[in-house]
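The values are calculated or read from the model by the stated rules, or taken from the named source; none is laboratory data. These numbers were taken from a predicted model, which means no experiment stands behind them. Cβ sites come from the backbone with ideal geometry, for glycine too, and all protein chains shown count toward neighbours.
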Amino acid sequence: MELLKLLSTNEIVAQVIAFLLLIWILRTVFWGKVLGTLDARKERIASELKTIEETKAAVELMKAQYEEHLTMIEKEAEAKFHEAADKGKDYAEEVRRKAEAEGERLIQNAKENIRGELKKAKEELKDSMVDLTIRAAEKVIEERLSEKDDRKLVEEFLRKIEKQ
């Protein structure tokens, strides 16, 4: 209250009028510019936020596309891996079949060779037997001595056959 006693009413009125005049001048001269600047800044910030949101949405879309593409690549890689594994199995099976066929062919050739050799050996044995028989018969005819001698010649002939 003491403060009010020090001031006169004329001074208070003058102060109030000066204050109101100052507000009016500030409002007419600077207020529009300040509000314009604030509105421009507000719009710029809103625009930047909108751009950020659009960029963020675009990044999310690109991320989703990237993940989808990555998943597709992984599936293709897995499919190619399985395809290669199947081709490898098919190739291995084909090689096994060819090896079995080749083995069977070699076995058949070996059997035919053995049959041929066996047949040849039988022919040679037969020829040897014929030769021995002819020789034995010649000796029997030449030496026609006795039954005892004939038996001896036949036994000797049989021993020769056993040796051969």
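Mind checking which pairs have a first residue in the stretch 120-137 that is in contact (Cβ under 8 Å) with a residue 24 or more places away in the chain and loosely packed, with under 10 Cβ neighbours inside 10 Å and a second that is acidic (Asp, Glu) and not in a helix (DSSP H, G or I), Cβ under 7 Å, 6 or more apart or different chains? Qualifying pairs under 7 Å: none. When the residues of the stretch 1-43 are filtered to those that are surrounded by 10 or more Cβ atoms within 10 Å (Cβ to Cβ) and not in a helix (DSSP H, G or I), which remaining residue is modelled with the lowest pLDDT? Out of the qualifying residues, it is 7.
In this entry, residue 112 is excluded by the filter for residues that are closer than 30 Å to residue 162 by Cβ, part of a helix (DSSP H, G or I) and acidic (Asp, Glu).
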